[in-house]
Each structure stands twice: as C-alpha cells, then as structure tokens.
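J.: Mind having a look at this structure? Questions to follow.
The values are calculated or read from the model by the stated rules, or taken from the named source; none is laboratory data. All values derive from a computational prediction rather than experimental measurement. Because the Cβ atoms are built from the backbone with ideal geometry, glycine has one as well, and the counts that use them run over all protein chains shown. Areas reflect the complete protein model, heavy atoms only, side chains present, ligands, DNA and RNA absent. Shrake-Rupley method; radii C 1.70, N 1.55, O 1.52, S 1.80 Å.
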Amino acid sequence: MTGNQAHRRFFRSTRGRIVALLSRQGATVEELARELGLTDNAVRAHLAALERDGFVVQRGERRAAQGKPAYLYELAPAADRLFPRAYLPTLDTLLELLTEQLPAAELERLLRTIGHRLAQRWRASEQSRSSEPLSRVRWAVAVLNELGALAELEVAVEGRSDCPGGQARLRAMSCPLAALIPSHPRLCLLVEALLAELTALPVRACCCCGERPQCCFEIDLITEH
C-alpha cells in the first residue's frame, strides 16, 4: 500500500474522521458522537486510542447549558504528520536540482555538511560526551530511532590491529529517508556524517538502497587513551 492509499484509508476510518473533525476545532465527546452518529462510549474508546498514540489531548472543559462541564479534545502537535505536506516532493525536487547542477564530489560534501549540522541538535547532550565509545554509539542509535528508524546495534567484530576496540554494526529495517533513498542513494552519506558527528568515531555506510531501503553502518570503536 502506498503512502497516499494509507492516508486515504486512515481518514475513511472512524479515528481518521475524528482527527479530521478535531482539525477544525476542539470538540467534546458528545459533539463528536452526534457528528459521527456513534455512541458516547464508542467515541471515548477511539479517543483513548488516539490519546495513547499521542495524536489527541484533553485541553480544558466546555461548559454546557445544562449539566456538568465536558472535557474538550484537541489535536496534539504530533497529529500534524497525519496530514499531507509538500515536504517530500519539495525535497525530492531540490535533490534532483542539486544532482544536476553540482559535481558529485561537491554534492557529497554538501550532504555530509548537512549531516554534521543536523547532529548539532543533540550534541549538547551529556551522553555525547561519554568517554566510552560504545556508549556514544548506543546514544546515536537512540537518536536515529528518534528520527524514525527502527535501528538495532550489533557488536559484531572483535578488535583488530587497526581498530583494537572492535567494530559495531548498526542496522535499521526502516530507513528514515526511505522515500528518497532509491532515487538519491547519496543521502546515506548524510546519515553517515550524522552518526560520525554524534559518536566522534569513524563510520562507513553499507546500506541497501533498493526499493525497500535498509540502513547499515559500520562504526570503529576506537579505544581512547
């Protein structure tokens, strides 16, 4: 199923219809039930699921003409990603232009610079200053997961003469840039630079950039003295 098909399917569901209604303005359970032709309890169950997923929040109360005040439900900021945006086609077009207009080496330098710049958002963390290389790698995996990957860490290779600390391998079945990687495989260099900046260790991309991209990065665990 494509992204557009999944999007349309969601908004045809009851939860999608609730999200669509709340995108206009906040509403109470009773108001949503009346609009959707459902019972109050059915709406509460869907709202509970949407709250659990972080898409809906309770914000204050609405006082009815008679009876007790009712909780008012609104969309949480995380619900923004449920709505279509122009980010992806805009970025895809930008990458096409950059690929056409820049020499390959210059484009690669630009992507690495973006990766280093992106890493600065997390560099102030205490974890980034850990003296243990493997601790920094684990933290970088957490950052990558925050960006949408489903990454896991493998400590796969024992120490070598050129890398006495051993080597870690990071794998992610879900690539955070999956929609763009098949057309723009050089984007892996951006993530490679991000991880290198976060870990302060040598990182090499060994990703699968096919129709279903899978991240793979080898990281040398240099022992610091």
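J.: Of the residues LEU190, LEU194, only one is among the aliphatic types (A, V, I, L, M), open to solvent by 10 Å² or more (accessible area, probe 1.4 Å) and touching a residue at least 40 places away in the same chain (Cβ under 8 Å); which?
T.: The match here is LEU190.
J.: Please give the number of the condition SER131 fails out of (1) in a helix (DSSP H, G or I); (2) touching a residue at least 60 places away in the same chain (Cβ under 8 Å).
T.: It fails just one condition, (1).
J.: More than 30 Å from LEU111 (Cβ to Cβ) and open to solvent by less than 50 Å² (accessible area, probe 1.4 Å): which single residue out of LEU32, LEU82 fits that description?
T.: After ruling out the rest, the residue left standing is LEU32.
J.: One residue is enough: does the stretch 11-25 have a residue meeting the conditions farther than 30 Å from ARG186 by Cβ, modelled with pLDDT under 90, touching a Gly at 6+ places or on another chain (Cβ under 9 Å) and of a type outside the set (Lys, Arg)?
T.: Within the stretch 11-25, not a single residue is farther than 30 Å from ARG186 by Cβ, modelled with pLDDT under 90, touching a Gly at 6+ places or on another chain (Cβ under 9 Å) and of a type outside the set (Lys, Arg).
J.: Just checking, does the stretch 155-173 include any residue being at pLDDT 90 or above, part of a helix (DSSP H, G or I) and touching a helix residue (DSSP H, G or I) at 6+ places or on another chain (Cβ under 8 Å)?
T.: No, the stretch 155-173 has no match at all.
J.: Just to be sure I understand, how many residues within the stretch 197-213 are surrounded by 17 or more Cβ atoms within 10 Å (Cβ to Cβ) and touching a residue at least 24 places away in the same chain (Cβ under 8 Å)?
T.: 7
J.: Could you run through the stretch 97-124 and say how many residues are surrounded by 12 or more Cβ atoms within 10 Å (Cβ to Cβ) and touching a residue at least 24 places away in the same chain (Cβ under 8 Å)?
T.: Of the residues in that region, 13 qualify.
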